[in-house]
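Structure first, then comments.
The values are calculated or read from the model by the stated rules, or taken from the named source; none is laboratory data. From a predicted model like this one, the values you see are computed outputs, not experimental measurements. Counting neighbours? That spans all protein chains shown, and the Cβs are built from the backbone with ideal geometry, glycine included.
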Amino acid sequence: MSFSSFMQKAPLGKEAHYEDTYNKKLLCPLPRTSSREGLDVAFFGYDIWRAYELSWLNSHGRPEIAVAHFIIPCHSPHLIESKSFKLYLQSFSQSRFESVDIVLETLKDDLTEVLGISPQILFNASTSSIEGLSLDTIQCPIDTYEVEKAFLKTSPKIVTESLKTDLFRSLCLVTGQPDFATIGISYEGPQINHTGLLQYLISYRKHAGLHEQCIEQVYSHIRHICKPQRLTVTGCFTRRGGLDINPCRSSHEVALGNIRVPRQ
């Protein structure tokens, strides 16, 4: 089955009833392989989903809240369609749980079942910011808003540097709504032309794709065209429905970086 066929069955873009009683059947898994055709998938990394609106009732009926951080390995067989995740988390709101540990255990068991791998789940974890030289001070003509990898160019100079931009935007694959993000790129190798890199990243402005797809495509294009010895690409997308998604893809194993930018 094609990826578009899977998306047609997902709740994204459809009118939905918000249940407030726990229901794990609301989760809608999507196979990762069907969204990666033609991409370099020889990478390490993870997706961090942060849920800012998780709430449930304790055994006495008192509401409890938490900011939940879901850390999902990028090689999980499935990812979760974002609206279904929102609906699932909302279903906790009027359900009673004896303890926070039981809430965590329930979340982990349910997500392991649909992802095909066990995620790490943290409540109210600390975060850090993206470091690097901002590309956003560059003044250059921009007239391309569909993905154009020809902008990616290098010089023979070998460097180690970290770059970032707040100007990234793509479109939701189903609804066409804008998805804004801060993109961080750290690499070692031939120096990437900064102006061309900014033009390339801005060229996603009318591109329709899932957050994870966009970051994997950016990684794949830079990897094949610029040929760095080491490369890490991170996307910090602004939240929708109380959720933000933060994919990270790297040529090497990287320490977990729970990054959060001001717009999130």
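Restricting attention to region 120-141, the residues that are under 17 Å from the mean Cα position of the chain (by Cα), more than 21 Å from Tyr200 (Cβ to Cβ) and assigned to a loop (DSSP other than H, G, I, E, B) add up to 2. Within region 78-92, does at least one residue satisfy the condition of being within 26 Å of Gln264 (Cβ to Cβ) and surrounded by fewer than 16 Cβ atoms within 10 Å (Cβ to Cβ)? No, that holds for no residue. The residues in region 167-188 that are part of a strand (DSSP E or B) and over 16 Å from Arg249 (Cβ atoms) can be counted, and the count is 6. When the test is whether a residue is of a type in the set (D, E, K, R), in contact with a strand residue (DSSP E or B) (Cβ under 8 Å, 6 or more places away or on another chain) and in a helix (DSSP H, G or I), Lys83 does not pass it.
Checked against (1) assigned to a helix (DSSP H, G or I); (2) more than 30 Å from Leu231 (Cα to Cα), Val114 meets all criteria but (2). Exactly one residue out of Tyr219, Tyr204 is assigned to a helix (DSSP H, G or I) and either outside the structural domain of Ile142 (by TED's automatic domain parsing) or not hydrophobic (A, V, I, L, M, F, W, C) (or both): that is Tyr219.
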